[in-house]
1. Among the listed residues Leu12, Leu48, which satisfies the condition of being in a helix (DSSP H, G or I), in contact with an Asp or Glu (Cβ under 7 Å, 6 or more places away or on another chain), hydrophobic (A, V, I, L, M, F, W, C) and farther than 17 Å from Leu125 by Cα?
2. Is it true that Lys53 is surrounded by 14 or more Cβ atoms within 10 Å (Cβ to Cβ), of a type in the set (D, E, K, R) and either modelled with pLDDT under 90 or closer than 21 Å to Thr113 by Cβ (or both)?
3. Checking Ala61 against (1) farther than 30 Å from Asp124 by Cβ; (2) of a type in the set (A, V, I, L, M); (3) without any contact (Cβ under 8 Å) to a residue 60 or more places away in the chain, which test does it fail?
4. From the list Lys131, Lys167, Lys140, pick out the single residue that is touching a helix residue (DSSP H, G or I) at 6+ places or on another chain (Cβ under 8 Å) and surrounded by fewer than 16 Cβ atoms within 10 Å (Cβ to Cβ).
5. For segment 37-49, give me the residue count where each residue is buried (at least 21 other Cβ atoms within 10 Å of the Cβ) and under 20 Å from Ser115 (Cα atoms).
6. Sort through Lys96, Lys68, Lys82 and tell me the only one that's under 17 Å from the mean Cα position of the chain (by Cα), charged (D, E, K, R), assigned to a helix (DSSP H, G or I) and at pLDDT below 95.
7. Anything in segment 34-61 that is within 27 Å of Glu79 (Cα to Cα) and of a type in the set (A, V, I, L, M)? List them, or say none.
8. For segment 68-99, give me each residue that is without any contact (Cβ under 8 Å) to a residue 12 or more places away in the chain and either surrounded by fewer than 16 Cβ atoms within 10 Å (Cβ to Cβ) or outside the structural domain of Leu154 (by TED's automatic domain parsing) (or both).
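The values are calculated or read from the model by the stated rules, or taken from the named source; none is laboratory data. These numbers were taken from a predicted model, which means no experiment stands behind them. Reconstructed Cβ throughout: ideal geometry from the backbone, glycine too, with neighbour counts over all protein chains shown.
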Amino acid sequence: MKDKILAAAQKLFLQHGYQAVSMRKIAKEIGYSATTIYIYFQNKADLLTQIAKNYFDDFLAQASDISKIYTEPATVLAEYLKLYCMMAFQNQHKFKFLASIFAEADKLKLGNTNSRQVLIHLQDLLEDCVKTGVLKIEDKGKAAESLWALLYGLSLLLVNRPYSLSKAESLINYTIDTHLTGMMKKEIKK
């Protein structure tokens, strides 16, 4: 039932926007009363938090596989960044919606969406690159924020322009490789 509610809420949020959707509208979509939804979710913000958390949990699960495939810290970092952008490209409507919601996250009183965990993981990957002498970074916090801004901006570009998959991949690879090369002491090994 919980997954059915989340699917209906996500569909309606994407179609009509968060503010225009009520718990009653979600209940009508699934053919149950609003009371049923409240058994699983405290309120609409709780529903939205879970949708966002699912997105970031999916990203983190896929990202954990990267370090199983690659051993060079710089390559792991590059693939992590590329995955973030590709996931946004492959889930365009959801990414646009989540981007619009996160602009108002404090006002909406969202719970833990795990978006912060993505940034923490990024900082850890940067730390690994510094420890191995691959990256030259004086301020890891600033470097992480810089990469986060790059990812976010590139992802928004990808979801707001009509790119083919091959052009999107090419732009992602070029942008991330160029940015990381500027931070490196030596080139990325592939």
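1. Just a single option satisfies the conditions, and that option is Leu12.
2. yes
3. Against the list (1) farther than 30 Å from Asp124 by Cβ; (2) of a type in the set (A, V, I, L, M); (3) without any contact (Cβ under 8 Å) to a residue 60 or more places away in the chain, Ala61 comes up short only on (1).
4. Within the list Lys131, Lys167, Lys140, the selection yields Lys131.
5. Summing the residues that are buried (at least 21 other Cβ atoms within 10 Å of the Cβ) and under 20 Å from Ser115 (Cα atoms) in segment 37-49 gives 3.
6. Criteria check complete, one pass: Lys96.
7. Selection gives Ile51, Ala52, Leu60, Ala61.
8. Hits for segment 68-99 are Lys68, Ile69, Thr71, Gln90.
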